[in-house]
Amino acid sequence: MRRLHTRTARRRVVGALTAGLLCTFGPAAPALAAPAPTVAAPAAADVAPTVDDGLALTPPMGFNNWNSTHCRAEFNEDMVKGIADIFVEKGLKDAGYQYVNLDDCWALQSRDANGKLVPDPVRFPNGIKAVADYVHSRGLKLGIYTSAGTKTCNEAGFPGALGHEYSDAQQFADWGVDYLKYDNCNNQGVDARLRYTTMRDALLAATGTTGRPIVYSLCEWGQNKPWEWASDVGHLWRTTGDISDNWGSMLSILKQNLPLAQYAGPGHWNDPDMLEVGNGGMTDTEYRSHFSMWSIMAAPLLIGSDLRDASDATFDILGNKEVIAVDQDPLGKQGTVLSSEGGRWVVAKEMKDGSRTVALFNETGSAQRVATTARAAGLPAAGAYTVRDLWQHKSYNTAGTISATVPAHGTVLVRVSTDAKWAKNPPAVELGLDGGLLVEAGKPVKLTSTVTDLGRTAAAQVSVKLSGPAGWAVKATSPAGTHTLPTGRSLRTTWQVTAPKGTPADSYDLTLKASYRSPTGVRAENVLPLTASVVVAPPAGVSSLGDLPWLSTTNGWGPVERNTSNGENEAGDGNPMTVNGVVYAKGLGVHADSSVEYYTGKACETVTAQVGVDDEEGDDGSVAFEIWADGTKMAASGVLSNAQAAQAISADVRGAQTVRLVVTDGGDGSTSDHGDWADAQLTC
Ligand code: GLA
């Protein structure tokens, strides 16, 4: 659950959900105290209510400023025009991006004497019509935003359309607006269906006067299950709260949107919120996953970064036409989950041409094998299939297996088809690497690579190479090549890898690369990027985990803190760790959901701690503590609430390469979940 960042707000998180927690609004709506405005509909609303209007037959594509600018001053006419120019000049318009959408903060706080909306004269000195005209002159379309409430979501409180639906819709239409995002803040408790349907009718009435159809985007954050009722109200509906530019947010939204596949189709789409690609809070691997998964979910593709200073990598991701074609497939199916065990996700999407797009998505923090088959993805039985890799832009043949080692947080996205010409492509090979990529400087580690032929045809002249950073010694200790690799067979090669003495503890890139030929001589290769961690052996004796270097952390809010509680924002913003009045000098302060991983190198015996919810959350918060040794849960506290004293927890970790201290939300969402691993100690 998203958190508000003030202490008072925190206390009312659950109740606030219905009033618009997911907005960036400040002063809450005057709740139900104010009389609900009456909805202004024309006396005889004889407009046929339907959105079966041929609009948004594929998910809308375009831009919206919110994720990059929020309400900041750079959201203005120059930006909007600049984005329109870039759409044309950088080929994004050709790739399908069409709508240039304004979000909140475009208007003044007060309507004029006639009740009309007034564009902010500093941001939009020439008004909205001039911007629409410019965008139209570039062959693009303009979108605008308001709320189905008395005010929009921003704390400044710009006017919302509740009670002004017909006049505001007419004003938008007169300006030449082509798309409306209709938010949910300050809604005065008026029934959502009524509010959203009234604006639908108002838009249809306005379109009747201008002839310019308007795509209608419902933004009520999934609170009223719009997928169950809105397919004849709007063209798309948000299914979740707001996305933010980090892996956890993207992942949580993805998981909420995936189960809604059955509700999406041409003209009515699930909207898991706008793209964060290029905003800087995720790696390019994570952004490729974000874009792959939004596309396989047939989500609207609204670019949320300021393209005026976007990197080449951002343009490469957003401009990938093969991935866009998945999103825009005219059959309009949202992909469905075939499996998700252990964070290894397989999602398949039926395509109009009968092919299937398959995403092998790795939610976890380490490389994983993710696998399925062409049959499981929905294709008919066949001796061989063509597999098109949509990020590598290369085609292969497979005898039926679709599998890959997928890097941490990565996605392999392929389009699989029965294709009479499959044999012209080289066989697909799968790469794998066994053995830990945890390396102590100066100490050799053994690894085993596998190259497996997934093709119907054999791979010929196969060779494999593992390479590491400059100065690392990497040598094969068994054959790294073979004359031919028949269907289903693997070449296994053992390797010895040594990081030079003195290599600082950190993450380092390694690459495994297989080169081979198809039976007809076509050259092919497959590359697996890997990450090795240089680690420091744990000290002998008893150490405080609050003082030891860790391998990796994830944390619900803010960073994991050493020897203080979790302050939710910057490093070092916690308090003395306190559980039920007892103050602890040492330990780890975390916020669910959290995981802190240490390298123990098979040299340690026990982990012990006093665990509980920190007192700084008053009566709130309930979490569960777990200690894992490699892949096995060795100890669990059960759910602990803030009322309880710290409990002792202890785990036997003998033989483990790594241990992980995990805090879950106890099954009730992560609000106020400040967990303390007080006096956490490792004995080696
Ligand atoms: C809400 C919406 C966001 C954005 C902001 C603007 O939070 O969900 O997408 O439009 O309001 O204030």
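The values are calculated or read from the model by the stated rules, or taken from the named source; none is laboratory data. Source: prediction; values computed, not measured. Virtual Cβ from ideal backbone geometry, glycine too; neighbours counted across all protein chains shown. Please note that ligands, DNA and RNA were not included when accessible areas were found on the heavy atoms of the full protein model with its side chains. Shrake-Rupley method; radii C 1.70, N 1.55, O 1.52, S 1.80 Å.
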Cα-based radius of gyration of the chain once divided by 2.2 N^0.38 Å, which approximates compact folds | 1.05
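First compute the accessible area of the chain with a 1.4 Å probe, then give the percent of it belonging to carbon and sulfur atoms.
That fraction is 51 percent.
For the chain, report the accessible area per residue in Å² (1.4 Å probe, heavy atoms, rounded to an integer). Mind showing how you got there, number by number?
On the way: 26580 Å² over 684 residues.
Per residue, the chain has 39 Å² of solvent-accessible surface.
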What share of all Cα pairs of region 100-218, in percent, falls into each consecutive 10 Å distance bin?
-> 15, 49, 32, 4, 0
Percent antiparallel among DSSP beta bridges (both partners in the chain, rounded to 5) = 80 percent
Distance in nm between pseudo-label sites at Q392 and D506 (7 Å out along the Cβ direction from Cα) = 3.0 nm
Length-normalised contact order of region 542-683, Cα under 8 Å, at least 6 apart, in percent, tallies to 32 percent
Dipole magnitude of the chain about its Cα centre (Cβ charges: Lys, Arg +1; Asp, Glu -1), debye to nearest 20 = 2500 debye
Quick one: which of 389-398, 675-684 comes out on top by average Cβ neighbours within 10 Å, and what's the full order, highest first?
-> 675-684, 389-398
How large is the dipole of region 426-536 about the Cα centre if only Lys and Arg carry +1 and Asp and Glu carry -1, each at its Cβ, rounded to the nearest 20 debye?
-> 320 debye
Once Lys and Arg get +1 and Asp and Glu get -1 on their Cβ, which of S490, P380, Q262 lies farthest toward the positive end of the dipole of the chain?
-> S490
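So, by mean Cβ neighbours within 10 angstrom, what's the order for 496-507, 158-169, 131-142 with the highest one leading?
Working: 496-507: 14.0, 158-169: 23.6, 131-142: 19.2.
Final packing ranking: 158-169, 131-142, 496-507.
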Simple label model, 7 Å out from Cα along Cβ direction - R369 to V88, nm = 5.3 nm
